[in-house]
1. Going through segment 188-203 one residue at a time, which ones are farther than 14 Å from GLY244 by Cα and either open to solvent by less than 70 Å² (accessible area, probe 1.4 Å) or in contact with a Pro (Cβ under 6 Å, 6 or more places away or on another chain) (or both)?
2. Going by what's in this entry, would PRO28 be described as open to solvent by less than 50 Å² (accessible area, probe 1.4 Å) and more than 20 Å from TYR105 (Cβ to Cβ)?
3. Quick one: in segment 243-265, which of the residues that are among the small types (Gly, Ala, Ser) and at pLDDT 95 or above is least open to solvent (accessible area, probe 1.4 Å)?
4. Exactly one condition in (1) among the β-branched types (Val, Ile, Thr); (2) outside any strand (DSSP E or B); (3) out of contact with any Leu (no Cβ under 6 Å at 6 or more places or on another chain) is false for VAL155; which is it?
5. Name, by its number, the condition in (1) within 19 Å of LEU138 (Cα to Cα); (2) crowded, with 23+ Cβ neighbours inside 10 Å that does not hold for ASN350.
6. Pick from segment 210-242 the residues that are touching a strand residue (DSSP E or B) at 6+ places or on another chain (Cβ under 9 Å) and part of a loop (DSSP other than H, G, I, E, B): which of them is most open to solvent (accessible area, probe 1.4 Å)?
7. Considering only segment 40-58, I want to know if a residue exists there that is out of contact with any Leu (no Cβ under 7 Å at 6 or more places or on another chain), without any contact (Cβ under 8 Å) to a residue 12 or more places away in the chain and loosely packed, with under 14 Cβ neighbours inside 10 Å.
8. Report, by residue number, each residue of segment 145-179 that is of a type outside the set (Lys, Arg), under 24 Å from GLY239 (Cα atoms) and open to solvent by 10 Å² or more (accessible area, probe 1.4 Å).
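The values are calculated or read from the model by the stated rules, or taken from the named source; none is laboratory data. Because the structure is a prediction, the values reported are computed rather than measured. Positions of Cβ are generated from backbone atoms using ideal geometry, with glycine treated the same way; all protein chains shown enter the neighbour counts. In case anyone asks, the SASA skips ligands and DNA or RNA and just uses the protein heavy atoms, side chains included. Shrake-Rupley method; radii C 1.70, N 1.55, O 1.52, S 1.80 Å.
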Amino acid sequence: MGFVMPEYKEPDFDQEFLKNAPDAVMVPVEKDFVAPDNYHATTIFPEYFKVDGQWILARESRMDCVAVYRQGEIQVVEFRNLKKGDMVFVGRSEDASEGIYVYPYGFGGGHQQENKDTFAFRVLRSRETAYSKDYDELYELLKYEKAHGGNILWVMGPACAFDADSRNAFAALVRAGYVQGLMAGNALATHDLEAAYLRTALGQDVYTQESMPNGHYNHIDTLNKVRGCGSIENFVKEGYAENGIMYECVKNKVPFVLVGSIRDDGPLPEVYGNVYEGQNAMRSLVRKATTVICMASALHTIATGNMTPSFREVDGKIRPLYFFSVDISEFAVNKLRDRGSLSVKTFVTNVQDFIVHVRNGLDLGE
């Protein structure tokens, strides 16, 4: 049958509680970076604010920010980006009683489904969960996104680069047009480039896992060579990398954002050392995404989840934003849900196997 995009149904604003709701209250910012008392913190769901008797949708959202009224529209702004004079919506109610309405039901969710038992085994996601249906649905979604101009953003931990088959599989996904953006840390790119340059990852053969003599130098030698070239792109152009994840991103002009951590070696020239500059760069890719797939990087996954809403406006229409978290650790995928990313679908599995499954399920034949 193939994937069918769910249709968004906006609230019925003729309902009494919406029609009779007061206008939302706005209070000016008195000091840069500081929200007024009783500010309204945004969520991942569609939110409507009543202004001059009209309900206005904040067309882009993320959790733990504030809503600002600018030039007739609602903008969702981080606290660090607030400026004196900004008009911030205040009110802690989300039921329209203060002119603010959080609406999680636009795609038919939010209510217990009929014919579902209140008590049932294995309702949470674990290593024992059956994922066959989830994989099939994911394949159909990715095919739909590619065919309809969707934007598939991948968030990757270094484990994705430690295996020859997973590197090859992800490279095939890039070549086939299933990757419109990549976010990671210094390690993913470093070890992928190490595999291309020296055929090792952290000094081990990327296929046999055999440790090479003086192999502990290999990732540092790779970093040094890339820094000598001036950029990852130059490293590729000069022939030091001829395969792999970063190679295909460069060759296919796929944008990537690498954000560093306190433990980084090197780092690579493109790595953001300032976390807020890195957050801004990540946000620029998230703004375009219609599907996000996070793999084996708890910190980058949670960071991405915190800036990703449950919906996206495309060509004037509201559609779901699909979000997946893949990790061998049940703790890692459940941590994301605990942090508020309630719309995430999780796979508890080896990410290297996951990437190969996805490549095979899409029948790329590479």
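1. Filtering segment 188-203 for residues farther than 14 Å from GLY244 by Cα gives 202-203.
Result: GLY203, single match.
2. Numbers: open to solvent by less than 50 Å² (accessible area, probe 1.4 Å): no; more than 20 Å from TYR105 (Cβ to Cβ): yes.
No: the conditions fail for PRO28.
3. So in segment 243-265, the residues among the small types (Gly, Ala, Ser) come out as 244, 260-261.
From the residues that got through so far, the ones that are at pLDDT 95 or above too are 244, 260.
Values: GLY244: 4, GLY260: 23 Å².
It comes out as GLY244.
4. (2)
5. Going through (1) within 19 Å of LEU138 (Cα to Cα); (2) crowded, with 23+ Cβ neighbours inside 10 Å one by one, ASN350 breaks only (2).
6. Top of the filtered list is GLU210.
7. Yes - at least one qualifying residue is present in segment 40-58.
8. Residues satisfying the conditions are PRO158, PHE162, ASP163, ALA164, ASP165, ASN168, ALA176, GLY177.
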